[in-house]
Structure formats: structure tokens, C-alpha cells
Amino acid sequence: MGSKPRKRRRLPTEPFGSWPEGKDDKTRKALVEGLGWSEKRLEFFTSTVAAYRKRPTIESYMKIKEEFPEAEIEVGILDSSWFELLDYFADQGVNLRPSAFITPNEASMDALSLCLMRLMIARGSLPNSGPGYIDKRRRAISDSTINYLIVAMLEAMHAENEPIPGSLVVLVREQLCGSNPDLREAARSKAQLWMAGSFAGKYFYQSKKQISINQLAPLLGVGRSTAARWLAERPDEFRSGFKWGQDSEAARKPLTKKTRVTRTGEGCPTKN
């Protein structure tokens, strides 16, 4: 049995020299004792984090993670009082009381996420033509505003160790890829191709004959034209599945509709 991964410790991002007098020594001692760091390593950590705070790029963040995998830092770069700027977005429909966000928590972030999604729905229903349609679309909430507030919420919740509400997950998903991204469909298609090949391979192993279109289509729940194309073109995933179907233990089991794969790729056996 492998050992449990070491729990990462949340460390501050401010350079120690900028803290109130007396706090530096106390924090240094706690870090040295808690993480087993030398003073030299602590100094290196301090300078590396200071570089991230000065220029918070993914390169400077990755340097921290690679050099100090046992450490977890506060990654936020936006002003902690960002919620006071909500009034700035009022003209785009963000109509929430700033007082509700003095302490970011799951409830307040849920409220803001739901507010943004309502505005996105309203924006999606705006006309693309007709009198005044340009002004209406200009007044709608912008993607840059939504993206800024998403980042602000994630930073605030990370800093406060608050759980992320489901509404924020849905909001992020809608902004990044939607509910049915092309890559998901591509992955499902590959899974179906591989399954088709594995069925064809098993059939060939058991009967020494090529599977027919009429036999393959119902097993996979696809049309005859799709099955015919796969058998004719034999894409890479189909060939890979065919080889597995011939060589695996599964080839010795009867081919049955009970293993029928759906359009989601469910039921696809694990490739070894």
C-alpha cells in the first residue's frame, strides 16, 4: 500500500519584510518547524513568491509549484475589495447589494453567479435586428465583465477556503465550453469507433468472417450507413479496437447485444 500524499500547507504570499514588526520571526519559525525548511529555502520561497506577486504569470506560478510542491499559496491578484466595484457594473444589470459581499462566502457567490446567468439568458434573447437593437445589445452585460467577476469570485473563495457553489460551476462551464462541447462529442465518437472495431475483431476471431453491416449496426445502435462507413474506412480507433477484440480474453466470450454501446460511449470496455 502506498503512502498517503503529504498534505499541502497554505502559505502567505506577502514578502515577510512587509509584515508588521514581530510577525516575521514568528512566521519564519512556524514555517521552518512545520515544513522542515532551512532558512535558505525559506528565503528562496520568499523571493520566488515575491516575483509571482510582482508578475503573476503562469510561468512564475509554475516555478513556485515545481520548487515547492508541498506549499499552497494564496493566488489572488485582484483587489480584495473588488465587491465594492459591483456598483460599477450596475449599468450592465449587476444589481446586487455590495454589503452582501463584505465576506465572500458560498451564499453570496451563489447569488452573484445566478445574477450573471440571468443576465446572460436575457442577453441571449435580445434581437439581432430592428429599431434600437444595437443600443440594446451594447447595454447588455459583456463577456469581459462576466469573466472578470468569475475570476474575482474564484480568488475570493480560494482565499476564504469556501466551497464553490454549483451555480458558479455551471457559469464557468457555460463561459468556457458550453454544455455540449465539440471535444466531448469527438471523444464519444472515438469511443464508438473503438467499440465497433472491438465487436468486428471478436466476430472475426470467433467466425473467421468479417462482420456484416446488418450485424454491426444494431449492436452499436447506429444507422446502417454509419456502420458501412466504419467498415469501409476503418479509422485508427476502429483498427485499434479490432486488434483488441481479436487478442483479448473478451474475444472468447459470445458477441451479444447486452454489451451494446450507446451514443455516449457508455459500455465501452477498458483498453489494457
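The values are calculated or read from the model by the stated rules, or taken from the named source; none is laboratory data. From a predicted model like this one, the values you see are computed outputs, not experimental measurements. Cβ atoms come from the backbone with ideal geometry, glycine included; neighbour counts cover every protein chain shown.
With the condition kept exactly as written, say whether any residue in segment 181-194 is aromatic (F, W, Y), part of a helix (DSSP H, G or I), in contact with a Lys or Arg (Cβ under 8 Å, 6 or more places away or on another chain) and at pLDDT below 85. No; the residues of segment 181-194 include none that is aromatic (F, W, Y), part of a helix (DSSP H, G or I), in contact with a Lys or Arg (Cβ under 8 Å, 6 or more places away or on another chain) and at pLDDT below 85. Test D79 against the criterion of being under 30 Å from L42 (Cβ atoms) and at pLDDT below 70, and give yes or no. Answer is yes for this residue. The set of residues in segment 177-229 that are aliphatic (A, V, I, L, M), within 18 Å of R239 (Cβ to Cβ) and touching a Cys at 6+ places or on another chain (Cβ under 9 Å) comprises A191, M195. The helices (runs of 4 or more DSSP H) falling completely within segment 103-166 that include 3 or more residues that are among the small types (G, A, S) and touching a helix residue (DSSP H, G or I) at 6+ places or on another chain (Cβ under 8 Å) map to 106-124. The set of residues in segment 48-77 that are in a loop (DSSP other than H, G, I, E, B), β-branched (V, I, T) and free of Cβ contacts under 8 Å to residues at least 12 places away in the same chain contains only T57. Within segment 167-193, the only residue that satisfies the criterion of being of a type in the set (D, E, K, R), in contact with a helix residue (DSSP H, G or I) (Cβ under 8 Å, 6 or more places away or on another chain) and over 30 Å from F242 (Cα atoms) is E174. The single condition among (1) outside the structural domain of L171 (by TED's automatic domain parsing); (2) assigned to a helix (DSSP H, G or I); (3) modelled with pLDDT of 70 or more that D25 does not meet is (3).
Residues in segment 167-180 that are part of a helix (DSSP H, G or I) and without any contact (Cβ under 8 Å) to a residue 24 or more places away in the chain: V169, V172, R173, L176.
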